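The values are calculated or read from the model by the stated rules, or taken from the named source; none is laboratory data. If you're wondering where the values come from, they're calculated on a predicted model, not measured in any experiment. So basically every Cβ, Gly included, is an ideal-geometry build from the backbone, and we count neighbours across all protein chains shown.
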Amino acid sequence: MPEIKIDIPSTFAERIERVAAEENESMEDMALLLLRRGYDFAVTRPDVEPDRSQRPGARSDPRLDWWREAKFGLFIHWGLYSIPAGVWKGREWPGIAEWLMYRAEIPVEEYEPLAARFNPVEFDAEAWVALAKRAGQKYLVITSKHHDGFCLFDSAVTDYDMVDATPFKRDVLKELAEACAAQDIKLGFYYSQTQDWHHPDGDGNDWDYDPAEKDFDGYIEEYVKPHVRELLTNYGPIAIIWFDTPKGISERQSRSLLELCNELQPDCLVCGRLGNALGDYATAGDNRIPEEVLDLDWETPATINDSWSYKLNDHNWKSSGDLIRKLVDIVSKGGNYLLNVGPTGAGVIPQPSVERLEAVGRWLEANGEAIYGTAPGPIQGREDLRSTSKEGVVYLHIYDWPADGRIRVEGVQAQTARLLAGGEALAIDGSGDEVVISGPAGAREEAVTVIALR
Ligand code: FHN
(Lines give C-alpha, C1' and ligand atoms only; values in the text may rest on other atoms or scores of the structure.)
Protein backbone atom coordinates (compact mmCIF):
# COMPACT_ATOMS: atom_id res chain seq x y z
CA MET A 1 0.00 0.00 0.00
CA PRO A 2 1.45 3.45 -0.85
CA GLU A 3 2.28 5.65 2.11
CA ILE A 4 0.16 8.79 2.25
CA LYS A 5 1.12 11.69 4.51
CA ILE A 6 -1.51 14.15 5.64
CA ASP A 7 -1.37 17.03 8.08
CA ILE A 8 -3.92 16.85 10.85
CA PRO A 9 -4.65 19.46 13.51
CA SER A 10 -2.79 18.81 16.76
CA THR A 11 -6.08 18.57 18.69
CA PHE A 12 -7.13 15.69 16.48
CA ALA A 13 -3.74 14.03 16.95
CA GLU A 14 -4.23 14.30 20.71
CA ARG A 15 -7.65 12.74 20.36
CA ILE A 16 -6.21 9.82 18.42
CA GLU A 17 -3.48 9.34 20.99
CA ARG A 18 -5.95 9.31 23.84
CA VAL A 19 -8.35 6.86 22.25
CA ALA A 20 -5.46 4.64 21.18
CA ALA A 21 -4.22 4.58 24.76
CA GLU A 22 -7.73 3.91 26.13
CA GLU A 23 -8.31 0.98 23.81
CA ASN A 24 -4.68 -0.12 23.89
CA GLU A 25 -4.26 0.07 20.12
CA SER A 26 -1.55 1.49 17.90
CA MET A 27 -1.80 5.17 16.92
CA GLU A 28 -1.84 4.08 13.30
CA ASP A 29 -4.85 1.78 13.64
CA MET A 30 -6.77 4.32 15.69
CA ALA A 31 -5.92 7.13 13.29
CA LEU A 32 -7.34 5.10 10.43
CA LEU A 33 -10.48 4.29 12.39
CA LEU A 34 -11.09 7.81 13.58
CA LEU A 35 -10.41 9.30 10.17
CA ARG A 36 -12.82 6.78 8.73
CA ARG A 37 -15.63 7.13 11.26
CA GLY A 38 -14.69 10.32 13.11
CA TYR A 39 -16.30 9.26 16.38
CA ASP A 40 -16.67 12.44 18.35
CA PHE A 41 -14.42 11.96 21.35
CA ALA A 42 -13.61 15.20 23.11
CA VAL A 43 -9.89 15.95 23.28
CA THR A 44 -9.68 16.46 26.99
CA ARG A 45 -12.30 15.24 29.36
CA PRO A 46 -12.78 15.74 33.07
CA ASP A 47 -13.09 12.57 35.18
CA VAL A 48 -16.83 13.09 35.23
CA GLU A 49 -18.23 14.96 32.28
CA PRO A 50 -20.72 17.58 33.46
CA ASP A 51 -23.66 16.04 31.60
CA ARG A 52 -22.96 12.69 33.31
CA SER A 53 -22.89 14.14 36.79
CA GLN A 54 -25.26 13.58 39.66
CA ARG A 55 -28.54 15.49 39.70
CA PRO A 56 -28.88 18.06 42.50
CA GLY A 57 -30.41 16.54 45.61
CA ALA A 58 -29.42 12.94 44.88
CA ARG A 59 -26.32 13.13 47.10
CA SER A 60 -28.50 12.74 50.18
CA ASP A 61 -31.15 10.51 48.62
CA PRO A 62 -31.64 7.36 50.75
CA ARG A 63 -32.63 5.39 47.62
CA LEU A 64 -28.90 5.19 46.93
CA ASP A 65 -27.98 3.77 50.35
CA TRP A 66 -27.67 0.13 49.19
CA TRP A 67 -25.51 1.28 46.26
CA ARG A 68 -23.27 3.38 48.50
CA GLU A 69 -22.77 0.32 50.68
CA ALA A 70 -22.21 -2.08 47.76
CA LYS A 71 -19.07 -0.54 46.17
CA PHE A 72 -18.47 -3.36 43.69
CA GLY A 73 -20.60 -4.59 40.78
CA LEU A 74 -20.33 -6.85 37.75
CA PHE A 75 -20.83 -5.38 34.28
CA ILE A 76 -21.68 -7.78 31.44
CA HIS A 77 -21.37 -6.84 27.76
CA TRP A 78 -23.04 -9.57 25.75
CA GLY A 79 -24.82 -9.51 22.42
CA LEU A 80 -24.52 -10.33 18.71
CA TYR A 81 -21.07 -8.70 18.61
CA SER A 82 -19.84 -11.50 20.88
CA ILE A 83 -20.02 -13.87 17.89
CA PRO A 84 -17.62 -12.13 15.45
CA ALA A 85 -15.59 -11.05 18.50
CA GLY A 86 -13.77 -8.27 16.64
CA VAL A 87 -13.28 -10.06 13.31
CA TRP A 88 -15.34 -9.31 10.19
CA LYS A 89 -14.86 -11.04 6.88
CA GLY A 90 -11.47 -12.31 7.96
CA ARG A 91 -10.19 -8.91 9.04
CA GLU A 92 -9.55 -8.05 12.65
CA TRP A 93 -10.81 -4.59 13.58
CA PRO A 94 -8.91 -2.59 16.20
CA GLY A 95 -10.46 -1.44 19.44
CA ILE A 96 -13.44 -2.49 21.50
CA ALA A 97 -15.32 -5.37 19.88
CA GLU A 98 -18.90 -4.24 20.56
CA TRP A 99 -18.19 -1.34 18.19
CA LEU A 100 -17.50 -3.65 15.24
CA MET A 101 -20.71 -2.84 13.36
CA TYR A 102 -19.97 0.89 13.47
CA ARG A 103 -16.28 0.76 12.79
CA ALA A 104 -16.54 -1.69 9.91
CA GLU A 105 -19.73 0.07 8.69
CA ILE A 106 -21.53 -3.23 8.48
CA PRO A 107 -24.88 -2.77 6.77
CA VAL A 108 -27.89 -3.76 8.88
CA GLU A 109 -28.72 -6.33 6.22
CA GLU A 110 -25.38 -8.09 6.80
CA TYR A 111 -25.25 -7.70 10.57
CA GLU A 112 -28.80 -8.86 11.34
CA PRO A 113 -28.17 -12.49 10.29
CA LEU A 114 -25.81 -12.83 13.26
CA ALA A 115 -29.00 -13.30 15.28
CA ALA A 116 -29.67 -16.60 13.51
CA ARG A 117 -26.24 -17.74 14.75
CA PHE A 118 -26.72 -16.64 18.35
CA ASN A 119 -27.22 -19.92 20.16
CA PRO A 120 -25.43 -19.60 23.52
CA VAL A 121 -25.97 -23.16 24.69
CA GLU A 122 -23.43 -22.69 27.49
CA PHE A 123 -25.36 -19.79 29.02
CA ASP A 124 -26.07 -20.44 32.67
CA ALA A 125 -27.66 -17.54 34.53
CA GLU A 126 -27.13 -19.12 37.92
CA ALA A 127 -23.42 -19.67 37.26
CA TRP A 128 -22.93 -16.07 36.10
CA VAL A 129 -24.61 -14.72 39.20
CA ALA A 130 -22.71 -17.16 41.40
CA LEU A 131 -19.47 -15.80 39.93
CA ALA A 132 -20.47 -12.25 40.88
CA LYS A 133 -21.25 -13.53 44.33
CA ARG A 134 -17.85 -15.25 44.68
CA ALA A 135 -16.18 -12.06 43.49
CA GLY A 136 -17.83 -10.11 46.30
CA GLN A 137 -19.90 -8.09 43.85
CA LYS A 138 -23.25 -6.88 45.09
CA TYR A 139 -24.93 -5.90 41.83
CA LEU A 140 -24.87 -6.87 38.20
CA VAL A 141 -25.56 -4.73 35.14
CA ILE A 142 -26.07 -6.39 31.75
CA THR A 143 -26.47 -4.95 28.25
CA SER A 144 -30.19 -5.29 27.52
CA LYS A 145 -29.54 -3.34 24.30
CA HIS A 146 -26.15 -2.03 23.24
CA HIS A 147 -25.48 0.40 20.39
CA ASP A 148 -25.94 -2.33 17.76
CA GLY A 149 -29.63 -2.34 18.68
CA PHE A 150 -30.06 -6.05 19.37
CA CYS A 151 -32.25 -6.74 22.43
CA LEU A 152 -31.36 -9.48 24.88
CA PHE A 153 -34.96 -9.43 26.15
CA ASP A 154 -38.26 -10.42 24.62
CA SER A 155 -39.70 -7.19 23.26
CA ALA A 156 -43.12 -6.55 21.78
CA VAL A 157 -41.87 -3.53 19.83
CA THR A 158 -39.26 -5.36 17.76
CA ASP A 159 -38.48 -8.85 16.60
CA TYR A 160 -34.78 -8.05 16.72
CA ASP A 161 -34.47 -9.77 20.05
CA MET A 162 -33.23 -12.89 21.77
CA VAL A 163 -36.57 -14.69 21.77
CA ASP A 164 -37.85 -13.83 18.30
CA ALA A 165 -34.65 -13.73 16.24
CA THR A 166 -32.35 -16.41 17.66
CA PRO A 167 -32.47 -20.19 17.68
CA PHE A 168 -31.95 -19.99 21.46
CA LYS A 169 -35.38 -18.38 21.96
CA ARG A 170 -34.87 -17.96 25.72
CA ASP A 171 -35.33 -14.64 27.49
CA VAL A 172 -31.89 -14.54 29.08
CA LEU A 173 -32.74 -11.45 31.11
CA LYS A 174 -35.63 -13.28 32.70
CA GLU A 175 -33.31 -16.12 33.68
CA LEU A 176 -30.79 -13.65 35.07
CA ALA A 177 -33.50 -11.82 37.00
CA GLU A 178 -34.53 -15.09 38.64
CA ALA A 179 -30.95 -16.05 39.44
CA CYS A 180 -30.23 -12.62 40.91
CA ALA A 181 -33.33 -12.76 43.10
CA ALA A 182 -32.37 -16.25 44.31
CA GLN A 183 -28.78 -15.26 45.13
CA ASP A 184 -29.50 -11.81 46.51
CA ILE A 185 -27.68 -9.81 43.85
CA LYS A 186 -29.24 -6.57 42.63
CA LEU A 187 -29.94 -6.49 38.91
CA GLY A 188 -29.40 -3.56 36.57
CA PHE A 189 -30.00 -3.16 32.85
CA TYR A 190 -27.63 -1.29 30.55
CA TYR A 191 -29.66 0.35 27.77
CA SER A 192 -28.25 2.40 24.88
CA GLN A 193 -30.83 5.17 24.64
CA THR A 194 -29.22 7.40 22.04
CA GLN A 195 -27.14 5.24 19.76
CA ASP A 196 -28.95 2.48 17.91
CA TRP A 197 -27.28 1.44 14.68
CA HIS A 198 -30.11 -0.88 13.73
CA HIS A 199 -33.07 1.45 14.11
CA PRO A 200 -33.49 3.89 11.19
CA ASP A 201 -34.09 6.78 13.60
CA GLY A 202 -31.50 5.89 16.25
CA ASP A 203 -28.21 7.78 16.43
CA GLY A 204 -25.05 6.59 14.74
CA ASN A 205 -25.77 4.60 11.61
CA ASP A 206 -25.13 6.97 8.71
CA TRP A 207 -24.14 4.27 6.23
CA ASP A 208 -27.62 2.74 5.94
CA TYR A 209 -29.72 5.74 6.93
CA ASP A 210 -29.53 9.43 6.06
CA PRO A 211 -29.03 11.41 9.31
CA ALA A 212 -31.06 14.27 7.87
CA GLU A 213 -34.08 12.00 7.59
CA LYS A 214 -33.95 10.71 11.16
CA ASP A 215 -36.79 11.28 13.59
CA PHE A 216 -34.83 10.92 16.83
CA ASP A 217 -37.71 12.14 18.98
CA GLY A 218 -40.01 9.56 17.41
CA TYR A 219 -37.40 6.89 18.17
CA ILE A 220 -37.29 7.95 21.85
CA GLU A 221 -41.06 8.10 22.18
CA GLU A 222 -42.06 5.05 20.19
CA TYR A 223 -39.12 2.72 20.66
CA VAL A 224 -36.93 3.62 23.63
CA LYS A 225 -39.75 4.37 26.04
CA PRO A 226 -41.71 1.19 25.29
CA HIS A 227 -38.46 -0.72 25.82
CA VAL A 228 -37.85 0.96 29.17
CA ARG A 229 -41.44 0.15 30.09
CA GLU A 230 -40.87 -3.52 29.25
CA LEU A 231 -37.59 -3.66 31.15
CA LEU A 232 -39.13 -2.09 34.22
CA THR A 233 -42.32 -4.13 34.10
CA ASN A 234 -41.43 -7.67 33.11
CA TYR A 235 -38.37 -8.51 35.22
CA GLY A 236 -39.28 -7.78 38.84
CA PRO A 237 -37.43 -5.13 40.84
CA ILE A 238 -34.68 -3.54 38.79
CA ALA A 239 -32.00 -1.76 40.79
CA ILE A 240 -30.39 0.33 38.04
CA ILE A 241 -31.06 1.47 34.50
CA TRP A 242 -27.61 2.11 33.08
CA PHE A 243 -28.09 4.44 30.11
CA ASP A 244 -24.99 5.20 28.02
CA THR A 245 -23.44 7.68 25.54
CA PRO A 246 -26.06 10.41 25.90
CA LYS A 247 -24.47 12.41 23.05
CA GLY A 248 -27.06 14.89 21.74
CA ILE A 249 -30.10 13.76 23.74
CA SER A 250 -32.03 16.84 24.85
CA GLU A 251 -32.80 17.72 28.43
CA ARG A 252 -36.49 17.19 27.73
CA GLN A 253 -35.82 13.72 26.39
CA SER A 254 -33.52 12.73 29.28
CA ARG A 255 -36.04 14.08 31.76
CA SER A 256 -38.92 12.19 30.22
CA LEU A 257 -36.93 8.94 30.43
CA LEU A 258 -36.15 9.67 34.07
CA GLU A 259 -39.80 10.35 34.81
CA LEU A 260 -40.82 7.11 33.15
CA CYS A 261 -38.30 5.14 35.25
CA ASN A 262 -39.47 6.87 38.42
CA GLU A 263 -43.10 6.20 37.60
CA LEU A 264 -42.55 2.49 36.86
CA GLN A 265 -40.07 1.65 39.62
CA PRO A 266 -39.47 4.55 42.02
CA ASP A 267 -36.55 2.75 43.69
CA CYS A 268 -34.69 2.04 40.45
CA LEU A 269 -31.55 4.18 40.15
CA VAL A 270 -30.69 5.85 36.87
CA CYS A 271 -27.01 6.28 36.08
CA GLY A 272 -25.42 9.57 35.08
CA ARG A 273 -25.14 8.62 31.44
CA LEU A 274 -28.82 9.36 31.06
CA GLY A 275 -27.36 12.74 30.16
CA ASN A 276 -28.05 16.37 31.05
CA ALA A 277 -26.87 15.86 34.65
CA LEU A 278 -30.12 14.16 35.62
CA GLY A 279 -28.85 10.77 36.82
CA ASP A 280 -29.01 9.56 40.40
CA TYR A 281 -25.25 9.10 40.48
CA ALA A 282 -22.34 10.36 38.43
CA THR A 283 -20.51 8.15 35.97
CA ALA A 284 -16.78 8.64 35.46
CA GLY A 285 -15.16 8.01 32.09
CA ASP A 286 -14.48 4.39 31.16
CA ASN A 287 -11.55 3.04 33.18
CA ARG A 288 -11.02 6.51 34.66
CA ILE A 289 -10.16 6.86 38.32
CA PRO A 290 -10.19 10.43 39.63
CA GLU A 291 -7.08 11.77 41.36
CA GLU A 292 -8.93 12.73 44.51
CA VAL A 293 -12.09 12.25 46.55
CA LEU A 294 -15.16 13.51 44.68
CA ASP A 295 -18.03 14.89 46.71
CA LEU A 296 -20.51 12.99 44.59
CA ASP A 297 -21.90 9.49 44.39
CA TRP A 298 -19.93 8.17 41.45
CA GLU A 299 -18.93 4.99 39.66
CA THR A 300 -16.12 3.90 37.36
CA PRO A 301 -17.07 1.35 34.73
CA ALA A 302 -13.97 -0.66 33.85
CA THR A 303 -12.63 -3.54 31.81
CA ILE A 304 -10.47 -6.49 32.89
CA ASN A 305 -8.77 -6.63 29.48
CA ASP A 306 -9.32 -3.87 26.89
CA SER A 307 -12.56 -4.71 25.10
CA TRP A 308 -15.93 -4.66 26.86
CA SER A 309 -17.43 -7.43 24.78
CA TYR A 310 -15.62 -10.69 24.07
CA LYS A 311 -12.75 -10.16 21.63
CA LEU A 312 -10.90 -13.12 20.22
CA ASN A 313 -7.44 -11.64 20.35
CA ASP A 314 -7.64 -9.38 23.35
CA HIS A 315 -5.36 -11.03 25.87
CA ASN A 316 -4.30 -7.92 27.71
CA TRP A 317 -5.60 -9.04 31.08
CA LYS A 318 -4.95 -6.83 34.07
CA SER A 319 -3.51 -8.78 37.00
CA SER A 320 -5.74 -9.55 39.96
CA GLY A 321 -3.42 -7.43 42.13
CA ASP A 322 -4.00 -4.50 39.80
CA LEU A 323 -7.78 -5.00 39.99
CA ILE A 324 -7.70 -5.17 43.80
CA ARG A 325 -5.66 -1.95 43.92
CA LYS A 326 -8.07 -0.27 41.54
CA LEU A 327 -11.03 -1.33 43.69
CA VAL A 328 -9.31 0.07 46.78
CA ASP A 329 -8.29 3.26 44.99
CA ILE A 330 -11.84 3.90 43.77
CA VAL A 331 -13.48 3.14 47.11
CA SER A 332 -10.94 5.30 48.97
CA LYS A 333 -12.12 8.22 46.81
CA GLY A 334 -15.80 7.55 47.43
CA GLY A 335 -16.63 5.67 44.23
CA ASN A 336 -18.04 2.33 43.10
CA TYR A 337 -16.25 -0.08 40.75
CA LEU A 338 -18.34 -1.70 37.99
CA LEU A 339 -16.01 -4.32 36.62
CA ASN A 340 -16.81 -5.90 33.28
CA VAL A 341 -16.78 -9.33 31.68
CA GLY A 342 -17.48 -10.15 28.03
CA PRO A 343 -18.94 -13.67 27.62
CA THR A 344 -18.40 -15.50 24.34
CA GLY A 345 -21.12 -16.05 21.75
CA ALA A 346 -21.59 -19.49 23.30
CA GLY A 347 -22.27 -17.92 26.70
CA VAL A 348 -18.97 -18.62 28.44
CA ILE A 349 -17.28 -16.02 30.63
CA PRO A 350 -13.59 -16.17 29.65
CA GLN A 351 -11.50 -18.10 32.16
CA PRO A 352 -8.97 -15.27 32.74
CA SER A 353 -11.89 -13.08 33.87
CA VAL A 354 -13.24 -15.81 36.13
CA GLU A 355 -9.86 -16.34 37.77
CA ARG A 356 -9.34 -12.65 38.40
CA LEU A 357 -12.81 -12.08 39.79
CA GLU A 358 -12.33 -15.02 42.13
CA ALA A 359 -9.01 -13.61 43.30
CA VAL A 360 -10.64 -10.26 44.08
CA GLY A 361 -13.37 -12.19 45.90
CA ARG A 362 -10.82 -14.03 48.04
CA TRP A 363 -9.19 -10.74 48.97
CA LEU A 364 -12.59 -9.27 49.83
CA GLU A 365 -13.46 -12.23 51.99
CA ALA A 366 -10.62 -11.29 54.32
CA ASN A 367 -10.74 -7.52 53.81
CA GLY A 368 -14.31 -6.68 52.83
CA GLU A 369 -14.89 -4.88 56.13
CA ALA A 370 -12.52 -2.16 54.86
CA ILE A 371 -14.48 -1.78 51.59
CA TYR A 372 -18.25 -2.30 51.95
CA GLY A 373 -20.11 0.57 53.53
CA THR A 374 -17.00 2.68 54.04
CA ALA A 375 -16.37 6.34 53.40
CA PRO A 376 -13.11 7.84 52.09
CA GLY A 377 -10.51 7.82 54.87
CA PRO A 378 -8.65 10.82 56.29
CA ILE A 379 -5.34 10.03 54.59
CA GLN A 380 -5.39 10.94 50.93
CA GLY A 381 -2.86 11.70 48.22
CA ARG A 382 -0.23 9.08 49.14
CA GLU A 383 1.33 6.81 46.55
CA ASP A 384 2.06 3.93 48.89
CA LEU A 385 -1.32 3.58 50.62
CA ARG A 386 -5.01 4.43 50.55
CA SER A 387 -7.49 4.86 53.40
CA THR A 388 -11.16 4.21 54.04
CA SER A 389 -13.18 4.64 57.21
CA LYS A 390 -16.32 3.80 59.15
CA GLU A 391 -17.58 4.44 62.69
CA GLY A 392 -14.47 4.77 64.81
CA VAL A 393 -12.17 2.83 62.47
CA VAL A 394 -9.68 3.96 59.86
CA TYR A 395 -8.49 1.33 57.42
CA LEU A 396 -5.06 1.72 55.90
CA HIS A 397 -4.68 -0.15 52.62
CA ILE A 398 -0.97 -0.63 52.14
CA TYR A 399 0.12 -0.97 48.51
CA ASP A 400 3.86 -1.07 49.13
CA TRP A 401 4.65 -2.82 52.35
CA PRO A 402 7.85 -1.26 53.73
CA ALA A 403 10.77 -3.68 54.11
CA ASP A 404 11.18 -2.77 57.79
CA GLY A 405 7.42 -3.08 58.44
CA ARG A 406 7.15 0.47 59.80
CA ILE A 407 4.27 2.59 58.52
CA ARG A 408 3.95 6.25 59.40
CA VAL A 409 0.73 8.22 58.98
CA GLU A 410 -0.30 11.72 59.89
CA GLY A 411 -3.74 13.16 60.52
CA VAL A 412 -5.19 10.21 62.38
CA GLN A 413 -5.48 9.23 66.04
CA ALA A 414 -5.43 5.62 67.12
CA GLN A 415 -4.72 3.39 70.08
CA THR A 416 -4.68 0.01 68.38
CA ALA A 417 -3.63 -1.41 65.03
CA ARG A 418 -4.53 -4.84 63.65
CA LEU A 419 -3.98 -6.64 60.38
CA LEU A 420 -7.47 -7.16 59.04
CA ALA A 421 -6.63 -10.51 57.47
CA GLY A 422 -5.83 -12.80 60.39
CA GLY A 423 -6.32 -10.19 63.11
CA GLU A 424 -2.69 -9.95 64.28
CA ALA A 425 -2.19 -6.99 66.63
CA LEU A 426 0.59 -4.59 65.61
CA ALA A 427 2.60 -2.30 67.85
CA ILE A 428 1.54 1.31 67.56
CA ASP A 429 3.08 4.54 68.77
CA GLY A 430 0.90 7.62 68.62
CA SER A 431 2.84 9.78 71.02
CA GLY A 432 4.33 12.13 68.42
CA ASP A 433 2.82 14.14 65.53
CA GLU A 434 2.37 10.98 63.56
CA VAL A 435 1.22 7.45 64.24
CA VAL A 436 3.91 4.84 63.73
CA ILE A 437 2.81 1.25 63.23
CA SER A 438 5.31 -1.56 63.46
CA GLY A 439 4.23 -4.56 61.44
CA PRO A 440 6.06 -7.64 60.29
CA ALA A 441 9.21 -6.89 58.31
CA GLY A 442 9.74 -8.30 54.83
CA ALA A 443 7.62 -8.65 51.73
CA ARG A 444 3.94 -9.59 51.97
CA GLU A 445 2.01 -11.65 49.48
CA GLU A 446 -1.27 -9.75 49.33
CA ALA A 447 -1.74 -7.10 46.65
CA VAL A 448 -3.00 -4.81 49.38
CA THR A 449 -2.53 -5.37 53.13
CA VAL A 450 -5.16 -3.75 55.31
CA ILE A 451 -4.55 -2.42 58.82
CA ALA A 452 -7.52 -1.43 60.98
CA LEU A 453 -6.76 1.53 63.27
CA ARG A 454 -9.00 2.18 66.25
O1 FHN B 1 -19.61 2.97 23.73
C2 FHN B 1 -19.75 2.35 24.97
C3 FHN B 1 -18.84 1.17 25.13
O4 FHN B 1 -19.09 0.25 24.12
C5 FHN B 1 -19.10 0.53 26.49
O6 FHN B 1 -20.42 0.10 26.58
C7 FHN B 1 -18.82 1.55 27.58
C8 FHN B 1 -19.04 1.07 28.98
O9 FHN B 1 -18.95 2.12 29.87
N10 FHN B 1 -19.69 2.73 27.38
C11 FHN B 1 -19.57 3.37 26.07
C12 FHN B 1 -18.39 4.23 25.97
O13 FHN B 1 -18.21 5.05 27.07
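Of all the criteria given as (1) closer than 17 Å to residue 185 by Cβ; (2) away from the ligand (no atom under 15 Å from the Cβ), the one not satisfied by residue 121 is (1). Which of the following residues is within 15 Å of the ligand (Cβ to nearest atom), modelled with pLDDT of 95 or more, closer than 25 Å to residue 59 by Cα and out of contact with any Gly (no Cβ under 6 Å at 6 or more places or on another chain): 336, 340, 276, 262? From the options 336, 340, 276, 262, the qualifying one is 336. Selection of the stretch 79-97 for residues being of a type outside the set (D, E, K, R), away from the ligand (no atom under 11 Å from the Cβ) and assigned to a loop (DSSP other than H, G, I, E, B) yields 83, 84, 85, 86, 90, 93, 94. Can you find a residue that is under 30 Å from residue 409 (Cβ atoms) and either among the hydrophobic types (A, V, I, L, M, F, W, C) or within 14 Å of the chain's Cα centre (by Cα) (or both) anywhere in the stretch 343-351? The answer is no, given that none of the residues of the stretch 343-351 is under 30 Å from residue 409 (Cβ atoms) and either among the hydrophobic types (A, V, I, L, M, F, W, C) or within 14 Å of the chain's Cα centre (by Cα) (or both). Regarding residue 194, is this residue touching a residue at least 24 places away in the same chain (Cβ under 8 Å), crowded, with 20+ Cβ neighbours inside 10 Å and closer than 20 Å to residue 108 by Cα? Here the answer is yes, as residue 194 does meet what is asked. Only one of 251, 222, 213 is touching a residue at least 40 places away in the same chain (Cβ under 8 Å) and either of a type outside the set (A, V, I, L, M, F, W, C) or away from the ligand (no atom under 16 Å from the Cβ) (or both); which? After ruling out the rest, the residue left standing is 222. Of 158, 143, all but one fail to be surrounded by fewer than 24 Cβ atoms within 10 Å (Cβ to Cβ), within 20 Å of residue 226 (Cβ to Cβ), in contact with a strand residue (DSSP E or B) (Cβ under 9 Å, 6 or more places away or on another chain) and among the β-branched types (Val, Ile, Thr); the exception is 158. With respect to the stated conditions, residue 108 is in the same structural domain as residue 346 (by TED's automatic domain parsing), touching a His at 6+ places or on another chain (Cβ under 9 Å) and away from the ligand (no atom under 16 Å from the Cβ). Suppose the filter is within 16 Å of the ligand (Cβ to nearest atom), under 29 Å from residue 270 (Cβ atoms) and within 21 Å of the chain's Cα centre (by Cα); does residue 136 pass it? So residue 136 does not fit the description; no.
For residue 121, the conditions (1) within 16 Å of residue 179 (Cα to Cα); (2) surrounded by fewer than 18 Cβ atoms within 10 Å (Cβ to Cβ) are fulfilled apart from (1). Looking across the stretch 163-178, the residues that are buried (at least 17 other Cβ atoms within 10 Å of the Cβ) and farther than 23 Å from residue 261 by Cβ come down to 163, 165, 166. In this structure, is residue 255 in the same structural domain as residue 185 (by TED's automatic domain parsing), within 12 Å of the chain's Cα centre (by Cα) and of a type outside the set (Phe, Trp, Tyr)? Criteria not met by residue 255. Only one entry in 196, 210, 201, 206 is within 19 Å of residue 260 (Cβ to Cβ), over 21 Å from the mean Cα position of the chain (by Cα) and at pLDDT 95 or above, namely 201. Quick check on the stretch 28-44. Is at least one of its residues closer than 22 Å to residue 149 by Cα and modelled with pLDDT of 90 or more? Scanning the stretch 28-44 turns up no residue that is closer than 22 Å to residue 149 by Cα and modelled with pLDDT of 90 or more. Number of residues in the stretch 279-309 that are more than 16 Å from the ligand (Cβ to nearest atom) and closer than 12 Å to residue 58 by Cβ: the value is 3.
Put simply, of 202, 248 the only residue that is buried (at least 22 other Cβ atoms within 10 Å of the Cβ) and farther than 29 Å from residue 368 by Cα is 202. Looking across the stretch 343-375, the residues that are surrounded by fewer than 21 Cβ atoms within 10 Å (Cβ to Cβ) and either of a type in the set (Val, Ile, Thr) or at pLDDT below 95 (or both) come down to 344, 348, 354.
The sole residue among 64, 74, 100 that is touching a strand residue (DSSP E or B) at 6+ places or on another chain (Cβ under 8 Å), within 16 Å of the ligand (Cβ to nearest atom) and in a helix (DSSP H, G or I) is 100. Checking each residue in the stretch 399-416 for being in contact with a Lys or Arg (Cβ under 8 Å, 6 or more places away or on another chain) and hydrophobic (A, V, I, L, M, F, W, C) picks out 401, 414. Filtering the stretch 424-451 to residues that are surrounded by 11 or more Cβ atoms within 10 Å (Cβ to Cβ) and assigned to a loop (DSSP other than H, G, I, E, B) leaves 424, 430, 439, 440, 441, 444, 446, 447, 448. Close Cβ contacts (under 7 Å, 6 or more residues apart or on different chains) running from residues in the stretch 421-441 that are within 11 Å of residue 407 (Cβ to Cβ) to residues that are acidic (Asp, Glu) comprise 434/410; 436/429.
Within the stretch 49-59, is there a residue that is under 18 Å from residue 306 (Cβ atoms), within 16 Å of the ligand (Cβ to nearest atom), touching a Gly at 6+ places or on another chain (Cβ under 7 Å) and among the small types (Gly, Ala, Ser)? Checked the stretch 49-59: no residue is under 18 Å from residue 306 (Cβ atoms), within 16 Å of the ligand (Cβ to nearest atom), touching a Gly at 6+ places or on another chain (Cβ under 7 Å) and among the small types (Gly, Ala, Ser).
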